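> Dropping the structure in here first, questions after.
The values are calculated or read from the model by the stated rules, or taken from the named source; none is laboratory data. From a predicted model like this one, the values you see are computed outputs, not experimental measurements. Cβ atoms come from the backbone with ideal geometry, glycine included; neighbour counts cover every protein chain shown.
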Amino acid sequence: MYNFDITRPTTVDEAVAALSADEAQPLSGGQTLIPTLKQRLAMPSVLVSLTAIDEMKGITEGPGTLKVGGGTTHGDVAQATKGSFAGLHTLASKIGDPAVRARGTIGGSVANNDPAACYPSACMACAATIHTNTRDIAADDFFQGMFTTALDEGEIVTAVTLKVPEKSSYQKFEQPASRFPLVGVFVAKHADGVRVGVTGASNNGVFRWAEAEEALSSNFSPDAIEGLSVSAEDLMGDLHGSPEYRAHLIKVMTKRGVADAS
Amino acid sequence: MPKDTGIGASTKRREDLRYLTGKGRYTDDIRAYGECAAVFARSTVANGKIIGIDTSEAEKMPGVLAVFTGEDFVDVGGNPAGWLINSRNGEPMKEPKRPVLAHGKVRHVGDAYAAVIAETEEQARDAAEAIIADIEDLPAIVDMREALKDEALVHDEIGTNQCFDWGWIEDNRAATDEAIKNAHHVTTLELVNNRLVPNAMEPRCSIGSYNPATDDYVLQTTSQNPHLTRLLISAFVMGIPENKLTVIAPDVGGGFGSKIYHYGEEALVLAAAKKLGRTVKWTADRSEAFLTDAHGRDHVTKIELAMDKDGNFLAFRTETMANVGAYLSNFSTATPTFLHGTLMAGNYTVPLVYVNVKTVFTNTAPVDAYRGAGRPEATYSLERVIDKAAREIGRDPIELRRQNFIKPDQYPYASAAGLEYDAGNYDALMDKMEEVADFAGFDARVKESDAKGLWRGRGVNAYIEACGIAPSNLVGQLGSRVGLYDAATVRVNATGNLSVMVGAHSHGQGHETVFPQVVGEMLGIDPASIDIVHGDTSKIPFGMGTYGSRSLAVCGSAVVRATEKIIAKAKKIAAHMLEASEGDIELKDGNFTVAGTDKSVGFGEVALKAYIPHNFPIEDIEPGLEETAFYDPANFTYPSGAYCCEVEVDPETGKVRVDRMTAVDDFGNVINPMIVTGQVHGGLAQGIGQALLENTHYNADGQLETASYMDYAMPLAEDLPMYHVDHSQGTPCTHNPLGVKGCGEAGAIGSPPTVVNAVVDALQRGGKNVTHVDMPVSPHNVWKAMQSA
Amino acid sequence: MNLSDSRVLDADVATVWAALLNKDVLQTCVPGCKDMTGNPDDGFDATVVQKVGPVKATFKGTVILSEMKEPSSLTLTGEGKGGAAGFAKGGADVRLEPQGDQTILHYDVEAKVGGKLAQLGSRIIDGFAKKMADQFFDNFQQKPVSGEVEGRTLLVQFLREDLHMTGTHVGCDTSQCGACQVHVNGQPVKACTMFAIEADGAEVGTIEGQANADGSLNVIQQAFQDHHGLQCGFCTPGMVMTAAALLKENPTPTEAEVRSYLKGNICRCTGYHNIVKAIMAASGQDVGAIAAE
């Protein structure tokens, strides 16, 4: 690693102030950033650790919503959603491994917007609102392509509010090495329609599969999407799967999600 | 009641105590006063001409003590290949120099062209980045077929990318061609044996130190065979006299072949230690391990099997291109030849075998022996083509194999590939396998899988391998530049406890537990009073290290011989003490008794007498009780086995899950069943890993795309089942004193074809006419195969 | 009574000295200490719960550091009053001596006990004082040693290079192999993917602290030995730490749950069979049925 300083503010305001320094970078759970730093692929002057900010931690239920503090770990989300929010519980309890789940946070995940991160698919499917220290942003506007979000320099994800669906499921087909999703599909059946968030597959990062949403909104059954197909155009191709394979998997995982939703 | 100690007992491992409490001492755990750090500057291009390397900025950086480049090592030797192989036309192989640091050209991504020594590792890293390397990027030579066109060269000075073109057995070539031409049926299969990265969990690490007053060097390093490393550094690379160089391999966190070889980093830390008068440490990170550890396998093969109308095997013929990477690693020329071609008759009475191997230089990391080394390649080719043949002629794959097996009454058996098998019983292994694998329940399991929408398939395999390498006489004829014996010293201390110095190195195999079981049983004393000393050239007579499943068969035999000498001498001492004739002394339960009397002395008393030789027949017997033996085996040992795998294939995604894995092996006699079983487990996981997950991919520019665990798929706990392992059908090795064979590599040799055979079976049962899927049988590869079936 | 002994600590003298002055370290080392406030200059106030035979009492007392000769010696004196139970007071002269990378800590303890405690008999008094002193220095030897770290220091570097606790290993750069797994506040964490500074104030558990107090293997470690759950030993510390976290969360896991929980721990030697078996055996389950040979 190159050298840098670390600060550990205890409030959002202090963190925002610290992030105004030149080349300052926020550090959440660090499960992506620290390996990056070790490879000398990032050169911050100061890392602003967000892990000591209590106001960013915790989960609160609202009317039909779940608000998750940006600094809440995957492990805590998994615990809190057991039996109440099937899709999110599956998603959170299968990210990485137990040690990753003990450190990694939802805020870090959505702010990083890795094209194979799990959380963005839930945010899209559950019409999430991303709260920052300055504003609220709808998930549809927040995720802007691979590793790109609506966040400004120095802006922090303080919480994420998800609309709790009537039924949901998260289906992850793992890339054989990293065990990140090669394709991850979050299916959410809301009172006002079905939303399908897809991660791992597209060169443009997380997206919603509009045709499936439409078909499933009128008939929430795997058969409803039997006749649909996903275009391989603009899907990712790598050692572990061609665009065509990913397109195929999106449909398979979506069908399984519909069948499994609870 | 099973025994707790001695031969045949599953004695718990004593080494576990330190590993389980964080008190293991691996090389990177060692810290010396005044230690400084080495970091290497490595090529980012696969093939490049070094125009100039400017180290002036780096030398001025904070903490920097020295910077080395290839220029500093021009006058020292190179790291040699251990086997000289001749081509079919009699020409010796092409052997380019492998320097400590690249000079003139860089030849693969990760090839080190400079090294920085600094007070701290981060300082050295900072300085390594400040080195300005002017390297002209040349087109990368990656694909073996392209490489053989010699349009661009990895080594300009040898004028070709082909290291050698080897034929085995050359005299059988014409007859084999003829047999195939005239055969009733010929099955042909083209396949790839995928390139693997060994991935011992402990990355390599080397510490060099030097004492200018005595001119002594010490190298502490992650090695499977410290004596060989010393020999290579002394005789070939640096010219340090062997008596001035101590090589120590402390606790080593796995090897699997990758730590057999001498690497340039070891020479560099020694050179730097001498120049600076400081202890210099280098520790690889995982990325460096991927880029620079010797890789394994990487064969492209076409195999043909000729049969008569009854399914009798008439001939096997193979053509293989074997990648050796950018430089010849120490065993790289033996692995695709004598460890591969000689096994190409398998367990079968086939009369003719012809193997052709072209080894090819490419701009990739060196390729060398990895768990199994050559034998997995042979087994995979044979056992895949036999499976395909059975399907083509409508025969049961097990029955076809049984029909062609060598029978128990045919030993010793001279195989068509040039080896003399000493013992075996392949039908018995197959019978046992059918029982352990629960063939009876298979149909019911197929139905259960069907109900889940999954296709179940079953694959089998019969393998033989040659290990416990090897008779020096034989390997010498085959081109080895070293002998392959081993050595042990048994030292009985005055107070009756023992130190046993062994040439084999233990890095997971449990020697510290197993060797005392043998010695303790022979002497009739508690193994707890016997300690093993290994991994230090200053303490051990000599040794050729641990690889090729040789520790017990070769070094263990040396231990037996040395212990026999101890017994012989102790009997003389006891005879003197008991005033009896030497011929009347019997050793039983640790006591020397005059036959037919109750006169006896204990082992401890004899030991004490040897060291306090008051009233000692000094004319007949020297004081002391210490004996050394070197053991050179008469032959390889030949473990064999019958394996079975059941998989479930998800027809929608192509994902394969191994549901049942059965390994029935003949290891001859077994000293510690718990450890043997553990060795098989590990081999199975690596074999299943090769079959389903692991792949090493260089792109057309020679960039390694699978250079971390993000893209190199390691088998995890959830990818693997509980295994069914049996070694009840042992036929003892006929030529070593313990009757043992080797067990370290079997699992990795036997399992890959078993898994792939099972996948093909599942796809066929699912109605897909797929006859082969190359490894790794990843979901994507299976899906593609189903799409085109 | 007087007693003298010494301990070898796996840290250099400066680190040990700093630890002796550290309130948090002292608090975790004083047997039964529930609370401690103060600083090295003014002394510390401590609340200690102690049980001696039939007596269990809460002592409120002070700990004073004096005769400080940095970094080689100091005197620790303490006095506690436990109400009806009586009082205990004592002092220890502590001397630090470097030995390579390690430190030898010599101590001479003098203890006085009064009140009901004293009436239990000198046999118990001496034993109690010795036990208290031994426990304190045992804890001090094994447990928390603190130091200052550079910002970019990873927790694993801090453990290995500053504390010389090399049981925690480094096997990859991408946070996947788990050879560095430790516990931070009881949760499994990869020490290569956390900065040391973020463990400030946290309780870090490593393989070195897993054995039983008498040095014998704990249940999980013993199961790994019994079932041959390790070969080269390099991944083993991480495996043991992960297993401990699993069994705390899920005392009787199924085979599938064990395998899933090991997702972040790579072993290249064992093929996992015997690791899974060992963990299930450590949970008290009969492994004969699930792991036929």
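> For segment B:119-143, give me each residue that is away from chain A (no Cβ under 14 Å) and crowded, with 23+ Cβ neighbours inside 10 Å.
B:Ala140, B:Ile141
One line per residue, one yes/no per condition, for (1) over 28 Å from the mean Cα position of the chain (by Cα); (2) closer than 21 Å to B:Glu265 by Cα:
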{"site": "B:Asp4", "(1), (2)": "yes, no"}
{"site": "B:Thr11", "(1), (2)": "no, no"}
{"site": "B:Glu15", "(1), (2)": "no, no"}
{"site": "B:Tyr19", "(1), (2)": "no, no"}
{"site": "B:Arg25", "(1), (2)": "no, yes"}
{"site": "B:Ile30", "(1), (2)": "no, yes"}
{"site": "B:Gly34", "(1), (2)": "yes, yes"}
{"site": "B:Ala41", "(1), (2)": "yes, yes"}
{"site": "B:Asn47", "(1), (2)": "yes, yes"}
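> In addition: Would you call C:Lys277 facing another protein chain (nearest Cβ under 10 Å), within 29 Å of B:Glu435 (Cα to Cα) and modelled with pLDDT of 95 or more?
Criteria met by C:Lys277.
> Might you let me know whether segment B:393-400 holds any residue that is modelled with pLDDT of 95 or more and within 25 Å of the chain's Cα centre (by Cα)?
No; the residues of segment B:393-400 include none that is modelled with pLDDT of 95 or more and within 25 Å of the chain's Cα centre (by Cα).
For (1) out of contact with any helix residue (DSSP H, G or I) (no Cβ under 9 Å at 6 or more places or on another chain); (2) buried (at least 24 other Cβ atoms within 10 Å of the Cβ); (3) touching a residue at least 12 places away in the same chain (Cβ under 8 Å), each residue gets a yes or a no:
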{"site": "A:Gly197", "(1), (2), (3)": "no, yes, yes"}
{"site": "A:Asn204", "(1), (2), (3)": "yes, no, yes"}
{"site": "A:Ala224", "(1), (2), (3)": "no, no, yes"}
{"site": "A:Val230", "(1), (2), (3)": "no, no, yes"}
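> Can you tell me which of A:Val187, A:Val252 is of a type in the set (A, V, I, L, M, F, W, C) and closer than 21 Å to A:Ala78 by Cβ?
Being of a type in the set (A, V, I, L, M, F, W, C) and closer than 21 Å to A:Ala78 by Cβ holds for just one of A:Val187, A:Val252, which is A:Val187.
> On the given criteria, is B:Asp665 surrounded by fewer than 19 Cβ atoms within 10 Å (Cβ to Cβ), touching a residue at least 12 places away in the same chain (Cβ under 8 Å) and within 20 Å of the chain's Cα centre (by Cα)?
When the stated conditions are applied, B:Asp665 does not pass them.
> To continue, here is another question. (1) within 14 Å of chain C (Cβ to nearest Cβ); (2) in contact with a Ser or Thr (Cβ under 8 Å, 6 or more places away or on another chain); (3) not in a loop (DSSP other than H, G, I, E, B): which one isn't true of A:Gly71, the others all being true?
Going through (1) within 14 Å of chain C (Cβ to nearest Cβ); (2) in contact with a Ser or Thr (Cβ under 8 Å, 6 or more places away or on another chain); (3) not in a loop (DSSP other than H, G, I, E, B) one by one, A:Gly71 breaks only (3).
> Right, another one. Condition first: closer than 19 Å to A:Ser28 by Cα, facing another protein chain (nearest Cβ under 9 Å) and in a helix (DSSP H, G or I). Now tell me which residues in segment C:192-227 satisfy that.
C:Cys192, C:Thr193, C:Ile197, C:Glu198
> Next question, about the same structure. Could you look through segment B:443-471, keep only residues that are under 24 Å from B:Ser640 (Cβ atoms) and outside any strand (DSSP E or B), and pick out the one that is modelled with the lowest pLDDT?
My answer is B:Ala470.
> Could you list, in sequence order, the residues of segment C:156-210 that are of a type in the set (A, V, I, L, M) and under 16 Å from the mean Cα position of the chain (by Cα)?
C:Leu159, C:Leu163, C:Met165, C:Val182, C:Val184, C:Ala199, C:Ala202, C:Val204, C:Ile207
> Next up: Tell me the residue from B:Tyr217, B:Tyr263, B:Tyr210 that is within 30 Å of B:Asp16 (Cβ to Cβ), in contact with a Ser or Thr (Cβ under 9 Å, 6 or more places away or on another chain) and of a type in the set (Ser, Thr, Tyr), please.
B:Tyr263
> Still on this model: Output the number of the condition that C:Thr242 fails; it satisfies all remaining conditions of (1) crowded, with 24+ Cβ neighbours inside 10 Å; (2) at pLDDT 95 or above; (3) touching a Lys or Arg at 6+ places or on another chain (Cβ under 8 Å).
Looking at each condition in turn, C:Thr242 falls short on (3).
> Which is over 30 Å from B:Ala713 (Cα atoms) and either surrounded by fewer than 22 Cβ atoms within 10 Å (Cβ to Cβ) or at pLDDT below 95 (or both), of A:Ile137, A:Ile130?
Matching residue, one of A:Ile137, A:Ile130: A:Ile137.
> Residue by residue through segment C:248-271, note down the ones that are away from chain A (no Cβ under 14 Å), assigned to a loop (DSSP other than H, G, I, E, B) and crowded, with 18+ Cβ neighbours inside 10 Å.
C:Arg268, C:Cys269, C:Thr270, C:Gly271
> Right, something else. How do the pairs read when you match residues in segment B:670-686 that are facing chain C (nearest Cβ under 7 Å) and of a type in the set (Gly, Ala, Ser) with residues anywhere that are assigned to a helix (DSSP H, G or I) and buried (at least 24 other Cβ atoms within 10 Å of the Cβ), using Cβ under 7 Å and keeping only pairs 6 or more apart or on different chains?
Note: pairs meeting the criteria are B:Gly678/C:Asn274; B:Gly682/B:Gly747.
> Looking at (1) surrounded by fewer than 24 Cβ atoms within 10 Å (Cβ to Cβ); (2) farther than 24 Å from B:Gly683 by Cβ, find the lone condition where B:Val237 falls short.
(1)
> Sticking with this structure for a sec: Restricting attention to segment B:715-754, report how many residues are within 13 Å of chain C (Cβ to nearest Cβ) and in contact with a Leu (Cβ under 6 Å, 6 or more places away or on another chain).
The number of residues fulfilling the criteria is 5.
> Kindly indicate whether A:Ala15 is at pLDDT 95 or above and assigned by TED's automatic domain parsing to the domain that holds A:His131.
Taking the combined requirement at face value, the residue does not satisfy it.
> May I ask you to say which residue of B:Glu71, B:Glu95, B:Glu91, B:Glu57 is out of contact with any Phe, Trp or Tyr (no Cβ under 7 Å at 6 or more places or on another chain), without any contact (Cβ under 8 Å) to a residue 60 or more places away in the chain and not assigned by TED's automatic domain parsing to the domain that holds B:Glu151?
B:Glu71
> Okay, next question. (1) within 14 Å of chain A (Cβ to nearest Cβ); (2) part of a helix (DSSP H, G or I); (3) among the small types (Gly, Ala, Ser); (4) free of Cβ contacts under 8 Å to residues at least 60 places away in the same chain: which one isn't true of C:Ala244, the others all being true?
Here C:Ala244 clears every test but (4).
> Name the single residue that is surrounded by the fewest Cβ atoms within 10 Å (Cβ to Cβ) among those in segment B:11-36 being closer than 15 Å to C:Phe224 by Cα and more than 8 Å from every other protein chain (Cβ to nearest Cβ).
B:Arg14
> If you don't mind, another one. Residue check: is B:Thr662 at the interface with another protein chain (Cβ under 9 Å from one of its Cβ atoms), touching a helix residue (DSSP H, G or I) at 6+ places or on another chain (Cβ under 8 Å) and of a type outside the set (Gly, Ala, Ser)?
Considered against the rule, which asks whether it is at the interface with another protein chain (Cβ under 9 Å from one of its Cβ atoms), touching a helix residue (DSSP H, G or I) at 6+ places or on another chain (Cβ under 8 Å) and of a type outside the set (Gly, Ala, Ser), B:Thr662 comes out as no.
> Then there's this: Can you spot a residue in segment A:101-116 that is within 14 Å of chain C (Cβ to nearest Cβ), free of Cβ contacts under 8 Å to residues at least 60 places away in the same chain and over 26 Å from A:Glu244 (Cβ atoms)?
The answer is yes, given that some residue of segment A:101-116 is within 14 Å of chain C (Cβ to nearest Cβ), free of Cβ contacts under 8 Å to residues at least 60 places away in the same chain and over 26 Å from A:Glu244 (Cβ atoms).
> List every residue pair whose Cβ atoms sit under 6 Å apart, with the two residues 6 or more apart in sequence or on different chains, where the first one lies in segment B:504-521 and is within 11 Å of chain C (Cβ to nearest Cβ) and the second, anywhere, is basic (Lys, Arg) and part of a loop (DSSP other than H, G, I, E, B).
Cβ pairs passing all conditions: B:Gly510/B:Arg13; B:Thr513/B:Arg13; B:Thr513/B:Arg14.
> Based on what the data block shows, is B:Asp711 charged (D, E, K, R), away from chain C (no Cβ under 14 Å) and assigned to a loop (DSSP other than H, G, I, E, B)?
When the stated conditions are applied, B:Asp711 does not pass them.
> Give the residues of segment B:714-725 that are in contact (Cβ under 8 Å) with a residue 12 or more places away in the chain and either within 29 Å of A:Gln39 (Cβ to Cβ) or assigned to a helix (DSSP H, G or I) (or both), sorted by residue number.
Answer for segment B:714-725, where residues must be in contact (Cβ under 8 Å) with a residue 12 or more places away in the chain and either within 29 Å of A:Gln39 (Cβ to Cβ) or assigned to a helix (DSSP H, G or I) (or both): B:Met714, B:Pro715, B:Asp719.
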